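Engineer: Okay, here's the structure, questions in a sec.
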Amino acid sequence: MRKSVFSKWYSLVFFGLAMASQASANDQVNPAHVYLLNGKPVSGWSLTLGDAANWSVPVNNQQGQSEGKKVLATQVDFNEQHKALSLSWDGRKKEYGSVGIFGAPIDLAAYKDAASLVLDIRVDRKPDKAVSIGMDCGYPCQGKLNIQRMLQKAPAKQWFSLPIPLNCIKGDNFDLSKINAPLTLGTDGRLEISILNVRLEKLQEGEESCKE
């Protein structure tokens, strides 16, 4: 098995800047490949927060809070033209909280060994416990990966792009052919991050993955 060590797993977010500018000129993006743009879900997708009190509280206009108040969503400036989504997990509440992008199922099976889920993010407060990133394929079908160490090693309060190869997201009966949540992200600890874009991107030549 060739496991990714993510030795070069982040890059500056110039792509995100270009992507945001392009979206201003042309709002047509492919919702099968782009899920969050300028901090907002693209057409066909919705953003939800969850904790034990309610796993599906909608986020509207980049504002919201999970019912048990574990996760808070607010708006934050990215640049003069664009906003990003700020997410904070309250470490005083000892329960799991999550954010997810949900919609009608899409088939990503063809991209398993060829693409990454890429987040343009900024780590505002580093995690103190495990952070799970993953995808859902219809409850209880899901795949996950712990990215706590990646976020702890990330440049503090700087925008960067974080690629997660699709074949690193694993779970019992996980099925990339029926993805109804291309992003789930959660922790039972504390964490503060800002997210600009979430998208699917082709693996670059020489980029490591978890392909067996």
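Engineer: If contacts are Cα pairs under 8 angstrom and at least 6 residues apart, what is the relative contact order of the chain in percent? Working shown, then result.
Structural biologist: Details: 531 pairs, mean separation 61.9, N = 212.
Rounded, it is 29 percent for the chain.
Engineer: Roll a 1.4 Å probe over the protein chains and send me the accessible area per residue for the chain in Å².
Structural biologist: Computed with neighbouring chains in place, this is 50 Å² per residue.
Engineer: Which value results for Rg/Rh of the stretch 90-144 when Rg is the Cα radius of gyration and Rh the Kirkwood radius based on the inverse mean 1/r?
Structural biologist: Working: Rg = 14.2 Å, Rh = 14.2 Å.
Rg divided by Rh gives 1.00.
Engineer: Here is a further query. Please go through the residue pairs 94/178; 70/211; 93/202; 157/211; 70/153 and name each one whose alpha carbons sit more than 28 Å apart in this structure. Each step should come with its number before you reach the end.
Structural biologist: Numbers: 94/178 32 Å; 70/211 35 Å; 93/202 38 Å; 157/211 31 Å; 70/153 24 Å.
Pairs exceeding 28 Å: 94/178; 70/211; 93/202; 157/211.
Engineer: Taking only C-alpha pairs under 8 Å that are 6+ residues apart, what is the relative contact order of the stretch 80-158 in percent?
Structural biologist: Taking the mean separation of contacting Cα pairs over the length of the stretch 80-158, I get 26 percent.
Engineer: Return the equivalent ellipsoid semi-axes of the chain as a descending list in whole Å, where each equals the square root of 5 times an eigenvalue of the C-alpha gyration tensor.
Structural biologist: Values: eigenvalues 99, 85, 67 Å².
Each semi-axis is √(5λ); the values are 22, 21, 18 Å.
The values are calculated or read from the model by the stated rules, or taken from the named source; none is laboratory data. Since this is a predicted model, take the numbers as computed values, not measurements. Accessible surface is based on the protein model in full, side chains and every heavy atom, while ligands, DNA and RNA are left aside. Shrake-Rupley method; radii C 1.70, N 1.55, O 1.52, S 1.80 Å.
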